[in-house]
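Asks: Provided herewith is a single structure, encoded as structure tokens, for subsequent inquiry.
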Amino acid sequence: MALLLESEFKILPADKQIETEPFLEAVAHLPPFFDCLGTPIVYAPVKADLTGNIKKIRAVYESNPTKFKTLQNILEAEKEMYGSTWPKVGATLALMWLKRGLKFIQVLLQSLCDGERDEDNPNLIRVNATKAYEMALRKYHGWILQKLFLGSVYALPYKSDLLKALEMGKEVKEEETLEKIHQFLTKVTPILDAIYEMYTKMNAELNYKA
């Protein structure tokens with residue numbers, strides 16, 4: 001759909017090396033997704049966090065585009081640069097939180113595509129958003145944030161309104177919008193999986209709570 005298709009992710013190469021510039025260009029279009037969820041008190045900070053982390057990664061990249069050509073280049077260079085304070089610093093930390101925000105979007109949209117729903121209230125997206133939060137963010141949030149997020153699912157838009165918002169207000173058949181979501185997910189999911197795999201292999205994942 002219009003909003004997500006602006007995020008033109010490249011197909012993940014066989015070596016799983018993600019080029020920094022195209023990645024940043026693609027993710028820069030994603031923060032407005034959270035506007036589609038309403039509840040500004042909850043999702044405005046998530047949007048701001050996503051935007052801020054993209055800017056932090058870009059600042060590092062632009063300081064030396066050749067050195068930081070890929071996301072793995074950034075992590076490897078910062079590991080050497082920061083020593084014992086790594087990975088809780090720099091673009092490594094920013095990408096760690098960015099991938100979690102992207103994971104929330106990905107799981108929510110995948111759940112919609114898979115037809116997961118509350119059979120008694122099929123036009124609600126509580127089931128999808130709760131699954132996304134549980135899988136992507138909950139373990140990294142303290143008790144207060146968890147209560148805030150889980151309470152916010154009761155104020156989420158209807159599924160039909162969310163899909164319309166993703167189409168920038170245009171009236172489009174649900175199956176057409178879901179097909180566009182599927183197209184988006186076929187590119188973003190392998191990239192996100194590769195980033196998570198990179199963090200695991202480099203022992204860069206942190207589990208502290210925000």
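The values are calculated or read from the model by the stated rules, or taken from the named source; none is laboratory data. Note that the structure is predicted; figures quoted are calculated from it, not measured. When we count neighbours, we look across all protein chains shown, and the Cβ atoms used for this are built from the backbone with ideal geometry, even at glycine. Surface areas here come from the heavy atoms of the whole protein model, side chains and all, with no ligands, DNA or RNA. Shrake-Rupley method; radii C 1.70, N 1.55, O 1.52, S 1.80 Å.
Asks: Counting only residues that are touching a Phe, Trp or Tyr at 6+ places or on another chain (Cβ under 6 Å), surrounded by 14 or more Cβ atoms within 10 Å (Cβ to Cβ) and not in a helix (DSSP H, G or I), how many does segment 102-130 have?
Replies: 0
Asks: Which is among the acidic types (Asp, Glu), surrounded by fewer than 16 Cβ atoms within 10 Å (Cβ to Cβ) and without any contact (Cβ under 8 Å) to a residue 40 or more places away in the chain, of GLU197, GLU176?
Replies: GLU176
Asks: Another question, if that's okay. Looking only at segment 63-72, how many residues end up being part of a helix (DSSP H, G or I) and among the hydroxyl-bearing types (Ser, Thr, Tyr)?
Replies: 1
Asks: Does segment 11-19 contain at least one residue that is in contact with a helix residue (DSSP H, G or I) (Cβ under 8 Å, 6 or more places away or on another chain) and part of a helix (DSSP H, G or I)?
Replies: Scanning segment 11-19, I find no residue that is in contact with a helix residue (DSSP H, G or I) (Cβ under 8 Å, 6 or more places away or on another chain) and part of a helix (DSSP H, G or I), so the answer is no.
Asks: Go over the candidates VAL42, VAL46, VAL60 one by one and state the one that is of a type in the set (A, V, I, L, M), over 21 Å from PRO190 (Cβ atoms), touching a Leu at 6+ places or on another chain (Cβ under 7 Å) and in a helix (DSSP H, G or I).
Replies: From the options VAL42, VAL46, VAL60, the qualifying one is VAL42.
Asks: If I ask for residues that are assigned to a helix (DSSP H, G or I), at pLDDT below 95 and of a type in the set (A, V, I, L, M), which ones from segment 131-161 would you list?
Replies: ILE144, LEU145, LEU148, LEU150, VAL153, ALA155, listed by residue number.
Asks: Another one. Going through LYS69, LYS79, LYS99, LYS56 one at a time, which residue ends up being open to solvent by 30 Å² or more (accessible area, probe 1.4 Å), under 20 Å from LEU30 (Cα atoms) and touching a residue at least 12 places away in the same chain (Cβ under 8 Å)?
Replies: LYS56
Asks: Looking at (1) free of Cβ contacts under 8 Å to residues at least 60 places away in the same chain; (2) in a loop (DSSP other than H, G, I, E, B); (3) farther than 20 Å from GLU167 by Cβ, can you tell me which one HIS29 breaks?
Replies: Answer for HIS29: the failing condition is (3).
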